[in-house]
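Just below is one structure, and these are the notes that go with it.
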Amino acid sequence: MPPPSATPPRPAAGGDELVVLLDVEGRPAGSLPKGRVHHADTPLHLAFSVYVFDRRRRLLATRRALTKQTWPGVWSNTCCGHPAPGEAVAAA
């Protein structure tokens with residue numbers, strides 16, 4: 001298996017990060033600027049969630065910034081994100 005890509009996310013025109021769109025089989029099918037992905041009819045796209053637990057099995061939760069476009073102020077997983085086109089999930 002090749003090593004994960006260390007390439008940082010590539011911004012789209014206007015500086016917005018690109019999000020990988022997926023087909024129904026989970027294969028890459030294009031990309032859109034992140035600001036155009038999350039809405040009432042969000043397309044299937046590549047994302048990851050991380051859950052960190054300590055030795056006492058307590059979850060480290062985070063509260064999303066009040067300025068976030070998607071789910072502002074909501075308590076959530078430890079962290080999450082979107083790999084850029086061509087970027088390995090592990091590297092993201």
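Figures for the structure shown
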{"quantity": "SER31 long-range amide H proximity, modeled H, under 5 Å", "calculated": "LEU21"}
{"quantity": "The range 28-38 - phi-based ³J(HN,Hα) in whole Hz, Karplus 6.51/-1.76/1.60, Gly and Pro as x", "calculated": "x, 9, x, 8, 9, x, 3, x, 9, 8, 8"}
{"quantity": "ARG27-CYS80 FRET efficiency (beta carbon distance; Förster radius 22 Å; 0.05 resolution)", "calculated": "0.55"}
{"quantity": "For GLY81, distant residues with modelled amide H under 5 Å away", "calculated": "PHE48"}
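Every number here is computed from the coordinates shown, using simple stated rules; none is lab data. Keep in mind it's a predicted model, so treat the numbers as computed, not measured. Cβ coordinates were reconstructed from backbone atoms using ideal geometry, including for glycine residues, and neighbour counts include every protein chain displayed.
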